[in-house]
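A short worksheet on the structure shown next.
The values are calculated or read from the model by the stated rules, or taken from the named source; none is laboratory data. Everything numeric in this text was worked out from a predicted model, so none of it was measured. Don't worry about glycine lacking a Cβ; one is built from the backbone with ideal geometry, like all the others, and counts go over all protein chains shown. Calculation scope for accessible area: heavy atoms of the full protein, side chains included, ligands and nucleic acids excluded. Shrake-Rupley method; radii C 1.70, N 1.55, O 1.52, S 1.80 Å.
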Amino acid sequence: MKSYLSLIPISAKIHRQKNRLTLLCIIFAVFLVTTIFSLADMSVRMETTRLFAKHSNLTLQNILNNPAVQNFFLPAIVLFVIVLIAGVLMISSSINSNVAQRTKFFGQMRCLGMTRRQIIRFVRLEALNWCKTAIPAGIGLGIVTTWILCACLRFMVGEEFSSIPVFGISAIGIISGFLVGIITVLLAASSPARHAARISPVTAVSGNFRKSGKVKHLFHIRFLKIETALGINHAMSSKKNLFLMTGSFALSIILFLSFTVIIEFVNHIMPQLSNTSDINISSRDNSNTIDNALPAMLKNMDGVKRVFGSRDILNIPVKIGKDGSRSKTIDLISYDSFDLDCLKKDKLLKKGSNFSEVYGDNGYVLVIQGKNDRLEKGDTIQIADRKLIIAGALKYNPFSSDGSADKKITLITSSDTFTRLTGITGYSLVQIQTTKKASNENVAAIKRALKGKYTFSDLRDQRTANTHLAFVFFVYAFLAIIILVTVLNIINSISLSVSARTKQYGAMRAVGMDGRQITKMIATEAFSYAIFGCIIGSILGLWISRILYKCLITNHFSYATWSIPIIPLSIILFFILAAAVAATYAPAKRIRNMVVTDTIKEL
């Protein structure tokens, strides 16, 4: 052996199985960053191609100043930092447990003359040795995933993604993945390396190195069984290990809740309403002059899935208030049954709205609140000699781009109520939803059927359903990866923590502790980490979620209000607790099958 550094590949081969999950954590960190930056790079290339097609004299400065280009890389940089922090916490916890298991080894190296600086160098290079396989694997997986995602965007989503490169290689993505792998490992190995260097040769040779100091009894055994108290004591005996373990669990919750805000943001900028039309037919003078027999005729044509229409009258003088003392002007819009059904299906009504009363001709209406005037359920509106009753209100104004209220109140009535109030039977707007197999010939036939009487608008190119689905799919994919990494990290961390105390467990078995008590002690330690992580992660995650919601959504959609994301929070907490249960099984089985005499003779 020419140098003590020659031990690194030997150590890697011996501890290959123990290092497997740590390698996976590095691979996932590199994979995530490579994929994120590669997708951002491909999107920038797509946007650049589009800009060059429109502006031949475009410069690099123009491209960098383009908001769309900036919007691709800014989230990628934020995610880079988050993944870096998560990777450092998870990998540092693994290396820390790995060092604790090999206390005797480092003590022997010190006895043979290895200096503290050499110990630090050894631990860091040993950690970097993992990068030889983990970083290429993560980068390769990220490139392939980027190809798959770009292909899905181009050939399945299409529309604005039709020019995105499919088999592009992103230098930015590769460099970013490489950097996050190296930086994460170096930062994670820094503290454990210093810890290994502080091990005293005399005490380390025994293999039972522990921090000096008084041991505090955390729980009285009158209140807890001995195995439970020992499990909690093991979890809290090292503040550093407790911080790393709970911190990595908490960060997983924070990441999960932060990504769910992105889903909400996508839902707001690309709302997928059930009554979104593919074709609009409107009167030329915006009056209610479209023949009321037209929807029935169009409904039977090829390529037509559904036809529905609306009527409207603007600036109607009314009396509002419980005593009818205030004079106002309002807008009146009729919805047919399908439109009304969609309001309920899309959850656009405020809580407490009595939706069923609006159907037919019952004199009940829904209200879209004005900026300065608000009507509540049960308020009345007098139109000429007829009275209308407010049955409920919409959460926001669907006729404005950002959902904000107009100056005037808008009432939504059923077709029957509108016709009774106004005597108008014609439509101002007829909307068509086409089938998935509808062809351009089908659409052309619909246009010919109008005989030029009305304004025809083909809105199929403005569909956002596929784009919305793509974004939501990507976010959910990252959420799934976060859950997977969280589960692997918990299993790995608990396994390493138990391995570091193998001799203690062997001694406990020697003095009479049975397998059930050993399992319970390991489970208690695992759940101590998980519960602390869940509490801290939930508090910080909800706080960050609220801040992100305000910045991304409320600042742009004033009607949107943050609420506790109960379902996402329940999902991530369930997986963390389930992972804690799963993490207990293998270490407990290993300890139960351990030969006690092999441990006793080394104590």
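How big is the dipole moment of the range 312-435 about its Cα centre under a simple scheme where the beta carbon of each Lys and Arg is +1, that of each Asp and Glu is -1, and everything else is neutral? Debye, nearest 20, please.
It comes to approximately 500 debye.
Kirkwood Rh, Cα Rg: Rg to Rh for the range 482-526?
Computed over Cα atoms, the ratio is 1.09.
In square angstrom, what is the accessible area per residue of the range 359-464 with a 1.4 angstrom probe?
Here the residues of the range 359-464 average 52 Å² of exposed surface.
Roughly speaking, to the nearest percent, how much of the range 437-550's 1.4 Å accessible area is carbon and sulfur?
After summing per-atom areas, the C and S share lands at 64 percent.
For the range 223-290, with every protein chain kept in place, what is the accessible area per residue (1.4 Å probe, Å²)?
Accessible surface, normalised per residue, equals 40 Å².
Under 8 Å for C-alpha pairs, at least 6 residues apart: give me the relative contact order for the range 277-418, rounded to a whole percent.
25 percent
For the range 512-585, what is the accessible area per residue in Å², given a 1.4 Å probe and the full set of protein chains?
Per residue, the range 512-585 has 52 Å² of solvent-accessible surface.
What percent of all Cα-Cα pairs in the range 244-331 falls into each 10 Å bin, going from 0 up to the bin containing the maximum distance?
11, 20, 19, 21, 14, 10, 5, 0
Which Cα, out of V358, P317, S334, lies furthest along the positive dipole direction of the range 311-361 (beta carbon charges, K/R +1, D/E -1)?
P317
Between the range 433-463 and the range 504-525, how far is it from one alpha carbon centroid to the other, in angstrom?
73 Å
Quick check: at a probe of 1.4 Å, how many percent of the accessible area of the range 359-436 sits on carbon and sulfur atoms?
45 percent
Quick check on my link table: of K239/K589; K344/K387; K299/K395; K328/K407; K299/K437; K387/K408, which ones sit more than 21 Å apart, alpha carbon to alpha carbon?
K239/K589; K344/K387; K299/K395
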